[in-house]
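Enquirer: This structure is in structure tokens; I'll ask about it shortly.
What follows is calculated from the coordinates using simple rules that are stated; it is not laboratory data. All values reported here derive from a predicted model rather than from experimental measurement. Cβ sites come from the backbone with ideal geometry, for glycine too, and all protein chains shown count toward neighbours.
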Amino acid sequence: MEIPMIYYIVISLVMFFAGVYGFITRKNMLMMLISIELMLNAVDINFAVFNRFLFPEQMEGMIFSIFAIAIAAAETAIAIAIIINIYRHIRNIDADKLDDMKY
Amino acid sequence: MELLPLAQQVIFYLLAIVIVVCSILAVTTRRILRAATYLLFVLLSTAGIYFMLDYTFLGSVQIAVYAGGILVLFVFSILLTSKPGECTDEKDKKHRLLGLIAAIAGAAVSAYALLTYKWPESITHEAQSINDIGHALIGMDKFQYLLPFEAVSVLLLACIIAAIMIARKR
């Protein structure tokens with residue numbers, strides 16, 4: 001374990017704020033979803049790193065990461081279903097074109 | 001992981017470079033299919049980080065669920081909703097500047113807080129076996145997680161049904 005903990009955290013910091021940038025600047029909903037995945041992934045790394053370096057005899061962080069991955073999968077599946085449904089209705093998935101509802 | 005210190009450092013820096021470069025490219029590239037490919041590299045390198053931290057089970061879950069499942073979903077939905085080679089447009093200059101400022105300011109504040117905080121001494125400990133993980137996931141004592149495990153299984157079932165309900169043809 002020669003590599004200090006802060007190196008891992010800096011990597012996940014860069015990943016998280018790349019996700020923030022993408023989420024703010026993109027119109028395409030799939031690109032926004034990709035940015036969300038980046039942010040979730042950065043948080044998972046943080047959980048695993050804190051668990052490994054600060055409380056290595058327990059495994060709360062790792063279990064939390066596993067559940068976070070499962071929930072991220074569920075969230076992505078639902079979001080993609082919604083996006084495809086929107087595409088079927090208005091032939092476009094840009095977030096700023098979504099200004100009409102069904103009723 | 002039983003690696004030489006030098007080999008460990010080389011692998012770590014390789015993974016770090018791949019993660020940093022690909023995560024920035026994933027949010028700045030105009031082609032959405034390329035963004036998904038860069039995301040794949042980021043997710044695989046994250047699995048490599050988990051392997052370096054001795055969390056082999058977590059790394060395998062990351063590869064199986066993220067790189068194997070979610071990425072396939074992404075690629076299919078990208079191909080369904082955009083023509084190949086089509087560029088997605090970004091928001092206007094004002095929004096891009098705003099996003100850049102928000103990201104850099106947030107990163108600066110977080111980096112300042114992280115780098116000036118005095119972290120407690122890190123402890124080394126041998127890796128947990130897969131037996132311990134299994135007992136922790138389906139046990140009912142303290143620090144065991146049967147209830148969240150079952151809740152996630154119900155959530156996944158609900159998610160399957162909801163995805164079919166939303167995306168079916170009417």
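Enquirer: Once you list every other residue whose beta carbon is under 13 Å from the beta carbon of B:Leu137, what net charge do they have if Lys and Arg are +1 and Asp and Glu are -1?
Expert: Around B:Leu137, the surrounding residues sum to -4.
Enquirer: Place +1 on the Cβ of every Lys and Arg and -1 on the Cβ of every Asp and Glu in region B:51-139, take the dipole about the Cα centre, and give the residue among B:Val65, B:Leu100, B:Thr124 whose Cα lies farthest towards its positive end.
Expert: Among B:Val65, B:Leu100, B:Thr124, the one farthest towards the positive end of the dipole of region B:51-139 is B:Leu100.
Enquirer: Would you work out which of A:Leu98, A:Phe23, A:Pro56 lies farthest towards the positive end of the dipole of chain A, given +1 charges on the beta-carbon of Lys and Arg and -1 on that of Asp and Glu, about the Cα centre?
Expert: So the residue we want is A:Leu98.
Enquirer: Quick one: net charge of A:Met59's neighbours, Cβ under 12 Å, K/R +1, D/E -1?
Expert: Combined, the nearby Lys, Arg, Asp and Glu give -3.
Enquirer: Using a cut-off of 19 Å between alpha-carbon atoms, which lysines can reach B:Lys93, once sequence neighbours fewer than 8 places away in the same chain are excluded?
Expert: A:Lys27, A:Lys97
Enquirer: By Kyte-Doolittle mean hydropathy of at least -0.5 and Cα axial length of at least 18 Å, which whole DSSP H helices of chain B are selected?
Expert: Counting only whole DSSP H runs, the qualifying helices are B:5-28, B:32-52, B:93-116, B:146-167.
Enquirer: Can you tell me which of A:Arg52, A:Arg88, A:Arg26 moves the most in a GNM of chain A? Springs connect C-alpha atoms under 10 Å apart.
Expert: A:Arg88
Enquirer: For A:Lys97, A:Lys27, which order do you get if you count the other beta carbons within 10 Å of each Cβ and list the fewest first? The partial results should precede the final answer.
Expert: Working: A:Lys97 12, A:Lys27 18.
Neighbour counts put them in this order, fewest first: A:Lys97, A:Lys27.
Enquirer: Within a Cβ distance under 10 Å of A:Lys97, other residues only, what is the Lys/Arg minus Asp/Glu net charge? Walk me through the numbers on the way to the answer.
Expert: Values: positive: A:Lys27, A:Arg91; negative: A:Asp94, A:Asp96, A:Asp99, A:Asp100.
Residues close to A:Lys97 contribute a combined charge of -2.
Enquirer: Run through every distinct alpha carbon pair of chain A and return the Kirkwood hydrodynamic radius in angstroms, one decimal place.
Expert: 15.5 Å
Enquirer: Relative contact order for chain B: what is it in percent, counting Cα pairs under 8 Å that are at least 6 residues apart?
Expert: 15 percent
Enquirer: In what sequence do B:Leu39, A:Leu40 fall when counting other Cβ within 10 Å, fewest first?
Expert: Ranked by crowding around the Cβ, least crowded first: A:Leu40, B:Leu39.
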